[in-house]
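**Student:** Pasting in a structure now, in structure tokens, and then I'll have a few things to ask.
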Protein chains: 2
Amino acid sequence: MASSGKKKATIYDLSVLSGSSPSTVSAVLNGTWQKRRIKESTAELIRNLAETHQYTANRQARGLRSSRSGLIGLLLPIHDNRYFSSMAQTFEAHVRSKGQCPIVVSASRDPEEERKTAETLISYSIDELFICGATDPDGVHEVCEAAGLKHINIDLPGTRVPSVISDNYEGGRMLTEAIIRRFEGDRPLLPDELYLFGGRNDHASRERIRGFRAVKNELLGADPDECIQPTGYAPNNARLAFEAFYERNGRLPRGLFVNSSINFEGLLRFMAGHPHENFADLVVGCYDYDPFASFLPFPVIMIRQDVEGMITKAFEVIEEARPQARIHLIQPELVQPRTALTGPLDALRDIE
Amino acid sequence: MASSGKKKATIYDLSVLSGSSPSTVSAVLNGTWQKRRIKESTAELIRNLAETHQYTANRQARGLRSSRSGLIGLLLPIHDNRYFSSMAQTFEAHVRSKGQCPIVVSASRDPEEERKTAETLISYSIDELFICGATDPDGVHEVCEAAGLKHINIDLPGTRVPSVISDNYEGGRMLTEAIIRRFEGDRPLLPDELYLFGGRNDHASRERIRGFRAVKNELLGADPDECIQPTGYAPNNARLAFEAFYERNGRLPRGLFVNSSINFEGLLRFMAGHPHENFADLVVGCYDYDPFASFLPFPVIMIRQDVEGMITKAFEVIEEARPQARIHLIQPELVQPRTALTGPLDALRDIE
DNA sequence: AGTTCTTGCACCATCGATTGTGCAAACAAG
DNA sequence: CTTGTTTGCACAATCGATGGTGCAAGAACT
């Protein structure tokens with residue numbers, strides 16, 4: 001408790017202590033000293049002083065001067081979800097490995113909030129912005145463009161800058177087919193026994209629905225419109241949709257394509273409200289992977305999106321000199337029921 | 001991406017455009033203009049100019065001058081977990097409502113990384129730091145103290161500043177008791193049939209273990225040492241521990257107290273490796289809540305920590321003039337199997 | 001010895017906003 | 001008409017780091 005009011009040391013403090021000028025101190029400590037022909041012994045002296053006085057550069061000052069901050073932003077819809085939080089986890093690791101500082105912020109899928117959040121990040125002079133799952137990527141683009149900020153879309157595409165997204169059509173196909181196959185041999189699934197719940201009118205949902213319908217047509221020979229129920233993403237809206245279906249039909253569809261793990265939570269809520277149903281004949285396909293969901297009492301087939309692949313690709317593309325505003329598709333992976341996959345956490349060592 | 005060359009407007013630009021001095025522009029735009037007796041019409045003019053030129057203040061410059069940044073940091077162990085990501089979600093909402101900018105960073109439970117991350121955040125002149133689940137809170141404290149930065153511990157306590165944590169002893173007791181009661185009427189549980197897996201030598205684990213042992217003694221009359229298996233937090237280490245137990249005993253214990261949802265993932269991995277076991281007689285208590293885990297095929301009793309309560313309390317305490325370095329306990333909640341609770345996401349409106 | 005390099009650093013403007021201080025002009029009071 | 005008082009704003013220093021430029025002292029060379 002020695003140094004309560006102690007201010008952080010600056011290059012000026014070290015300048016006085018070392019007898020050199022502030023610019024010399026600065027050069028030594030930011031690595032440009034050789035270019036400035038500072039003597040090794042001078043550098044050594046200053047480095048030692050910096051060490052003993054626990055000097056760290058004030059990044060606001062540095063950022064102000066150089067108009068770069070060392071911050072790289074990730075704009076998420078929400079944190080509280082395995083898909084997006086693993087996005088955050090993976091993003092962090094990449095940014096750290098570049099020696100920069102990640103800053104992860106969520107904007108609740110609200111276009112207005114997305115733009116305002118981007119504005120805020122820009123006012124901190126972030127160096128790059130990764131726009132993940134934005135409801136209005138092009139709106140955010142405008143803001144970034146006006147500030148001359150490099151940016152890229154992930155998960156949901158925009159039209160003005162490159163986008164790295166899951167191949168949702170292919171994923172939708174894989175998942176739909178896996179659900180249907182699950183009933184083979186058994187009493188085969190009929191077209192009106194396979195429903196899709198959740199999602200809204202965004203690119204990802206549209207593509208998944210397209211895949212869903214295509215496969216239904218190919219394998220079941222029909223694809224009734226009423227089997228598509230885009231309830232939005234809120235768990236409770238999904239719950240209400242299940243509730244309504246149950247009310248009308250006295251049961252759930254045998255095959256369920258659930259658009260996201262968030263919507264899946266709506267299914268859980270529905271189930272909690274019907275404790276005596278055992279949902280024996282149910283097969284769920286969920287477009288998102290969650291290890292616990294994979295072990296539920298009914299077969300749950302899941303799609304794991306390749307978060308690592310998307311982030312890696314996004315970093316590649318954003319570094320390009322003049323990136324095209326095209327869409328890069330990353331293949332997702334089908335996960336059979338009762339599968340426990342490893343994730344970004346497994347890269348961490350566990351300290352005992 | 002696009003650096004269209006357009007620079008952001010500064011107070012100097014607006015100063016020229018409005019014919020006022022930069023300081024006047026600054027005062028108008030940061031709200032101190034009345035104190036400076038700026039004419040309403042002047043203010044109006046400048047406000048309009050700011051609007052049409054999309055002015056936003058450069059926060060690095062402001063922060064440099066005022067040595068405050070408007071950033072409030074949250075240091076997490078990891079993102080990729082429902083407990084911590086809901087911490088991030090809740091934290092964000094609180095910070096936003098104070099008109100500041102949240103910055104959430106993870107440090108992988110590594111004491112060295114925790115300190116370095118804190119250093120980095122400090123170099124951006126963050127205004128406050130919430131240290132959540134840190135392996136070495138007092139180490140981070142040193143760093144903050146040296147920089148004169150307000151900070152507080154959450155989830156895992158330190159000794160130098162206030163800490164807001166779950167009542168892990170009580171939670172451990174509740175969970176243990178609930179597991180034991182689950183077997184009542186049935187063939188009652190024996191002391192060596194109830195094991196605790198996961199966690200390590202941190203305050204939370206110790207308290208939970210203390211509660212676990214106390215209740216076992218009270219209700220089962222004994223509390224053998226070998227029933228405590230602190231495997232650390234890594235899922236794979238937990239898996240290995242389950243594997244080893246299974247190897248020795250040909251089955252799992254009937255009652256399992258799993259220290260965290262991360263450790264629970266280790267149990268899933270074990271189960272994935274033993275597809276023919278049905279684990280009929282198993283009751284799991286997990287110290288963490290996850291909606292999907294709650295609906296697994298065997299009874300899963302969970303503890304939900306009161307994240308909202310902890311964050312709220314932490315904000316209260318950190319605002320205090322001279323906060324005592326004491327521990328504030330927040331009561332967690334027992335969640336019966338097959339329960340779908342709402343979370344921070346439900347506060348968001350869903351846009352269609 | 002005089003000239004030209006090279007070495008090693010100091011000086012100073014600059015990034016954009018904040019804030020204490022000063023000072024004219026307008027106005028009021030005597 | 002003189003002396004205060006208030007109004008409305010401009011000036012300039014400052015936060016800490018960066019990087020272009022300049023310049024003295026020593027080395028090298030003729």
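A short reminder: the numbers here are calculations on the coordinates, not readings from a lab. Note that the structure is predicted; figures quoted are calculated from it, not measured. A quick note on method: Cβ atoms are made from the backbone with ideal geometry, for glycine too, and the neighbour counts reach across all protein chains shown.
**Student:** Using a cut-off of 10 Å between beta-carbons, work out the net charge of the residues near A:M302 (Lys and Arg +1, Asp and Glu -1, A:M302 not included).
**Tutor:** Local net charge: -2.
**Student:** What ranking do A:T120, A:T342 get, fewest neighbouring Cβ atoms within 10 angstrom at the top?
**Tutor:** A:T342, A:T120
**Student:** Which entries of A:K8/A:K35; B:K116/B:K150; A:K8/B:K35 have Cα-Cα distances beyond 20 Å here?
**Tutor:** A:K8/A:K35; A:K8/B:K35
**Student:** Please figure out what share of the DSSP beta bridges in chain A is antiparallel and state it in percent, rounded to the nearest 5.
**Tutor:** 10
**Student:** At 7 angstrom along the Cα-to-beta-carbon line, where would the label on A:I228 sit relative to the other copies? Give the distances in nm, shortest first.
**Tutor:** Copy-to-copy label distances at A:I228, shortest first: 5.8 nm.
**Student:** From other protein chains only, count the Cβ atoms within 10 Å of every residue's Cβ in A:91-97, then give the mean.
**Tutor:** 3
**Student:** A further question on this structure: Enter the mean number of other protein chain beta carbons within 10 Å of the beta carbon of each residue in A:238-246, as an integer.
**Tutor:** Partner Cβ neighbours, averaged per residue: 0.
**Student:** May I ask you to sort A:D80, B:D186, B:D136 by Cβ crowding, counting other Cβ atoms within 10 Å and putting the fewest first?
**Tutor:** B:D186, B:D136, A:D80
**Student:** While we're here: List the residues, sorted by chain then number, that are 5 or more residues from A:I154 or on another chain and whose placed amide H is less than 5 Å from its amide H.
**Tutor:** The list, which skips near neighbours in sequence, is A:I131, A:C132, A:G133, A:A134, A:V164.
**Student:** Return the loop-located GluC sites (Glu not before Pro) in the range A:111-215 (DSSP other than H, G, I, E, B) with at most 14 other Cβ atoms within 10 Å of their own Cβ; answer none if there are none.
**Tutor:** Those satisfying the criteria are A:E184.
**Student:** A follow-up question, please. Using a 10 Å cut-off around each Cβ, can you sort A:D155, B:D290 from fewest to most neighbouring Cβ atoms?
**Tutor:** B:D290, A:D155
**Student:** With θ set to phi - 60°, apply the Karplus curve 6.51 cos²θ - 1.76 cosθ + 1.60 along the range A:221-231 and write out the HN-Hα couplings as whole Hz, x wherever there is a Gly or Pro.
**Tutor:** x, 7, 7, x, 4, 5, 7, 9, 10, x, 8
**Student:** If you put a point 7 Å past Cα along the Cβ direction, how far is that point for A:D138 from the same point in each other copy, in nm, smallest first?
**Tutor:** With the label placed 7 Å along Cα→Cβ, A:D138 yields 5.8 nm.
**Student:** Another question, then. Going by Cα centres, the range A:75-118 and the range B:40-62 are how many Å apart?
**Tutor:** Cα centres, the range A:75-118 to the range B:40-62: 29 Å.
**Student:** A follow-up question, please. Give me P(r) over the range A:11-57, computed from all C-alpha to C-alpha distances, binned every 5 Å, as integer percentages.
**Tutor:** Per 5 Å bin, starting at zero, the Cα-Cα P(r) for the range A:11-57 comes out as 5, 27, 40, 22, 6, 0 percent.
**Student:** Still on this structure, I have one more. For the range A:75-118, state which trypsin sites (Lys or Arg not before Pro) are in a DSSP loop and have at most 16 other beta carbons lying within 10 Å of their beta carbon.
**Tutor:** Answer in residue order: A:K98.
**Student:** Using only atoms on other chains, find how many Cβ atoms lie within 10 Å of each Cβ of peptide A:266-276 and report the average.
**Tutor:** Mean number of neighbouring Cβ atoms from other chains: 3.
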